Amino acid sequence: MTRQSINDLIAFLAVARERSFTKAAAKLGVSQSALSHTIRGLETRLGLRLLTRTTRSVSPTEAGERLLNSIGPRFDEIESELAALSEFREKPAGTIRITAGEHAADAVLWPALEKLLPDYPDINVEIIVDYGLTDIVAERYDAGVRLGEQVAKDMIAVRIGPDMRMAVVGAPVYFERRPKPLIPADLTDHNCINLRLPTYGGVYAWEFEKDGREVKVRVEGQLVFNNVQLRLNAALSGLGLAFVPEVLVRQPLSDGRLTRVLEDWCAPFPGYHLYYPSRRQTSPAFALLVNALRYRG
């Protein structure tokens, strides 16, 4: 295979994965017109259309999808092997891409990285905050962080945090106007601060458990957010009830800024896990990060 053919295939993979000539061109460091010319040349040589182009989107044709699925993993393996060569350096090196939710990134990933990275200046880490259950293989992440119950069975999972509990909280001023809910069903009469998750295709149903009985409640309210901090801020302002990780509200509960309800319905559940494909060739840099994150409680 000629060098030109390899470069053309790399260009095709970038466009097919990004679904955008603009994003792919930025990623490859070339102009959009040059990238478009490369793809047209590849299609001409193959005698096949690989990409369907519209004014708003780019997607692989059937032939393009087959090419993407066949050569994509092979190029990924080559990149992994090249990254693994860093073990021959004096210090681990390379870039590690991780997808995680906002709370996990702030409470678990950041404390570990803050201690690790100063001693390893050749390790680069990219963290993308995303509430969706991202396909880390398709999106080319090295790893993801999710709650233990959300990790796919074909992944290697490493516990990086203790079991967790959720908490339903509201400000004292809110409860001056509303009675405290005694069971999850009472939440339907309250102004609840909702969370929208892309994976669920809508707002998240609050999940409770008591004595082995699981209950989901679809609550309603004036506010919907897609992150934790804004929900917490709204609850502190007395604008409604929030359903957030218990660890985030320990201080405001302690100093009286928030009041907790339905505590006996909030059972522990598996905490955060780092997960990655079982076939992944772990580089020294990645192995170092896994060890730094591993929960030892």
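State, in angstrom, two size descriptors of the range 96-227 derived from its alpha carbons: Rg to one decimal place and Dmax to the nearest whole number.
18.2, 56
For LYS115, go through the lysines and keep the ones whose alpha-carbon is under 30 Å away, minus same-chain ones fewer than eight residues off.
Hits, sequence-local ones excluded: LYS27, LYS91.
Mind checking the range 228-297 for trypsin sites (Lys or Arg not before Pro) that DSSP puts in a loop (not H, G, I, E or B) and that have at most 10 other Cβ atoms within 10 Å? Please list the in-between numbers first.
Values: sites: ARG231, ARG250, ARG257, ARG260, ARG279, ARG280, ARG294, ARG296; in loops: ARG257, ARG279, ARG280, ARG294, ARG296.
Passing sites in the range 228-297 are ARG296.
How much of the pair distance distribution for the range 46-127 lies past 17 Å, counting alpha-carbon pairs only, in percent?
Distances greater than 17 Å cover 66 percent of the Cα pairs.
Taking the alpha-carbon distance from LYS210 and a cut-off under 25 Å, which lysines remain once sequence neighbours fewer than 8 residues away in the same chain are dropped?
LYS180
Determine the calculated [θ] at 222 nm for the chain from helices alone, applying -39500 (n - 2.57) to every DSSP H run no shorter than 4 residues and normalising by the residue count; nearest 500 deg cm²/dmol.
Working: 9 runs with 97 residues, N = 297.
So the helix-based figure for the chain works out to -10000 deg cm²/dmol.
Could you order peptides 62-69, 94-101 by the average number of other Cβ atoms within 10 Å of their residues, highest first? Walk me through the numbers on the way to the answer.
Values: 62-69: 15.2, 94-101: 20.4.
Going from most to least packed, we get 94-101, 62-69.
Might you report the magnitude of the Cβ-based charge dipole of the range 162-297 about its Cα centre, with Lys and Arg at +1 and Asp and Glu at -1, to the nearest 20 debye? It would help to have the intermediate numbers written out before the result.
Values: 17 positive and 13 negative charges, 104 e Å.
About 500 debye.
How high is the FRET efficiency between THR55 and ARG218 when r is their beta carbon distance and R₀ equals 35 Å, given to the nearest 0.05?
Once the sixth-power term is evaluated, E becomes 0.40.
If each Cα of the range 166-265 is one equal point scatterer, what is log10 of I(q)/I(0) from the Debye formula at q = 0.19, 0.20, 0.24 Å⁻¹?
-0.89, -0.99, -1.43
Once you charge only the Cβ atoms, +1 for Lys and Arg and -1 for Asp and Glu, what is the size of the charge dipole of the chain about its Cα centre, to the nearest 20 debye? Don't skip to the answer; put the middle values down first.
Details: 37 positive and 36 negative charges, 128 e Å.
Rounded to the nearest 20 debye, it is 620 debye.
For the chain, what is the convex hull (Cα atoms) projected area averaged across all directions, in square nanometres? Could you put the intermediate results ahead of the total?
On the way: hull surface 79.1 nm².
Average projection, Cα convex hull of the chain: 19.8 nm².
For a Förster distance of 30 Å, can you work out the FRET efficiency between the beta-carbons of PHE269 and ILE78, rounded to the nearest 0.05?
Rounded to the nearest 0.05, the efficiency is 0.15.
List, largest first, the extents of the alpha carbons of the range 254-297 along their principal axes, each in whole Å.
Projected onto its principal axes, the Cα set of the range 254-297 covers 48, 22, 17 Å.
Expressed as a fraction of 2.2 N^0.38 Å, the rule-of-thumb size for a compact globular protein of N residues, what is the C-alpha radius of gyration of the range 3-84? Mind dumping the intermediate values first?
Numbers: Rg = 12.3 Å, N = 82, 2.2 N^0.38 = 11.7 Å.
Here the Cα radius of gyration is 1.05 times the empirical estimate.
Based on alpha-carbon positions alone, could you give the equivalent ellipsoid semi-axes of the range 101-166 from the gyration tensor, as √(5λ), descending, whole Å?
Output for the range 101-166: semi-axes of 21, 16, 11 Å.
Values quoted throughout were computed directly from the atomic coordinates according to the rules given, and no laboratory measurement underlies them. Computed from a predicted structure; not experimentally measured. Reconstructed Cβ throughout: ideal geometry from the backbone, glycine too, with neighbour counts over all protein chains shown.
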